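J.: Got a structure for you, questions after.
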Amino acid sequence: MSQPQHQAKLDRLLKTLVKPAIQFEPQADTAAIAASCESKYGGLPYTEAGDTWPSCPTCDTDLTFVTQIRDERENVLFVFYYCFECFPWGLESEAKGQWVIKLYPDPSMEKLIPIEGELDDEFALTPCTLISSPVEVLPDWQDLDSISPEVGHLCEMLNAYSPWEAYEEAVDRTHYLNDYATLLGGYPRFIQGSIEATCPTCNAPMQFYAQIDSEDEANLMWGDVGLVYFFRCPQHPHQFYFELQCH
């Protein structure tokens, strides 16, 4: 088989691996200061009756509201708080409560009851609206062995010394997303290595749910231009695994 034939076969195989996702890009917006049930960074979070602002058990300060993402697939609102003072990485040795996820089914303005955290939070994000767009995502090169060994083999045939370059060239040809970005669904793009998470309730493998990139527009930086990743149990939807990776 010639090189063009290998490339054509590789492009066909990549189409079978594509997963849909939603990409979010921040846009600074003073309207995002107010509490709402829409996707955004910073400002006031969506809260309902009985909610209190979460605080860090280690440094005893209010967590910073980072983001909320409207998941239209389930009609839930994913709300994420984080302690930038303690800067947890998701390690087992870290105290629980240094990051908090709240999941609200069927969010609405009728249910919203705003609450406020510390008014002088030095880590507060720049309020931003999140602009969403549907994308099609391909897996990271380092995960190909477990997803499609055939794709990896074809890349080796195209470039025996640097097969990952053949993969990146194929990604460029197909115009699918395979880059660092804030995503809901799709595949994760790891900085330091793959994540294998298990549910603490049922011990089953957790599935990739979302990743949040460093975003200059929102004044959000995860270490040295890093990302945070969220995995979720399909059987216990309120069980999340969190990990931060950076360069």
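J.: Rounded to the nearest 10 Å², what accessible area does F65 have for a 1.4 Å probe in the complete protein model?
T.: Answer for F65: close to 10 Å² accessible.
J.: GluC sites (Glu not before Pro), restricted to the stretch 164-200: which are DSSP loop and have at most 15 other Cβ atoms within 10 Å?
T.: Of the GluC sites (Glu not before Pro), the ones in loops of the stretch 164-200 whose Cβ has at most 15 other Cβ atoms within 10 Å are E196.
J.: Viscosity 0.692 mPa s, temperature 37 °C: Stokes-Einstein D of the stretch 1-122 from its Kirkwood Cα radius, in µm² per second?
T.: D, rounded to a whole number, is 192 µm²/s.
J.: Restricting to lysines 8 or more places apart or on different chains, can you count the pairs in the chain with Cα atoms under 19 Å from each other?
T.: Step by step, the pairs that qualify in the chain add up to 4.
J.: Return one number: the angle in degrees, 0 to 90 and rounded to the nearest 10, between the long axis of the Cα atoms of helix 3-17 and the longest principal axis of the Cα atoms of the chain.
T.: 30 degrees
J.: In degrees between 0 and 90, to the nearest 10, how far off the longest principal axis of the chain does helix 149-158 point, with axes built from Cα atoms?
T.: Once rounded, the angle reads 60 degrees.
J.: In addition: So what is the diffusion coefficient of the stretch 179-247 in µm² per second by Stokes-Einstein at 20 °C and 1.002 mPa s, using a Kirkwood Rh over Cα pairs?
T.: Translational diffusion coefficient: 172 µm²/s.
J.: Cα axis of helix 163-174 to longest principal axis of the chain: angle in degrees, 0 to 90, nearest 10?
T.: Orientation of helix 163-174: about 80 degrees from the principal axis.
J.: Leaving out ligands, DNA and RNA, what percent of the accessible area of the stretch 103-167 is carbon and sulfur, probe 1.4 Å?
T.: Carbon-and-sulfur percentage of accessible area, whole number: 54.
J.: A further question on this structure: Hey, can you find the accessible area per residue of the chain for me, probe 1.4 Å, expressed in square angstrom?
T.: Here the residues of the chain average 50 Å² of exposed surface.
J.: Please sort 203-216, 48-61 by packing, taking for each peptide the average over its residues of neighbouring beta carbons within 10 angstrom, highest first.
T.: Packing order, densest peptide first, comes out as 203-216, 48-61.
J.: I would also like to ask the following. Where does the Debye-calculated log10 I(q)/I(0) of the stretch 19-75 sit at q = 0.16, 0.29, 0.31 Å⁻¹, using only Cα point scatterers of equal weight, no solvent?
T.: Evaluating at q = 0.16, 0.29, 0.31 Å⁻¹ gives log10 I(q)/I(0) of -0.64, -1.24, -1.31.
J.: Taking 0.36 nm per intervening residue step and subtracting the Cα-Cα distance, what contour gain separates W164 from K19 on full extension?
T.: 50.2 nm
J.: To one decimal place, what orientation-averaged projected area in nm² is obtained for the convex hull of the Cα set of the chain?
T.: The number I arrive at for the chain is 14.4 nm².
J.: Additional query: Taking the Cα centre of each part, how many Å lie between the stretch 36-53 and the stretch 179-193?
T.: What the calculation gives is 25 Å, centre to centre.
J.: Taking the alpha-carbon set of the stretch 107-247, what are its Rg and Dmax in Å?
T.: Considering the stretch 107-247 through its Cα atoms, Rg and Dmax are 18.4, 59 Å.
J.: So, one more: Roll a 1.4 Å probe over the protein heavy atoms and report the accessible area of K102 in Å², nearest 10.
T.: Number for this one is 40 Å².
The values are calculated or read from the model by the stated rules, or taken from the named source; none is laboratory data. Given the structure is predicted, the values throughout are model-derived calculations rather than measurements. Please note: Cβ atoms are built from the backbone with ideal geometry, for glycine as well, and neighbour counts cover all protein chains shown. Just the protein is used for accessible areas: all its heavy atoms, side chains included, with ligands, DNA and RNA removed. Shrake-Rupley method; radii C 1.70, N 1.55, O 1.52, S 1.80 Å.
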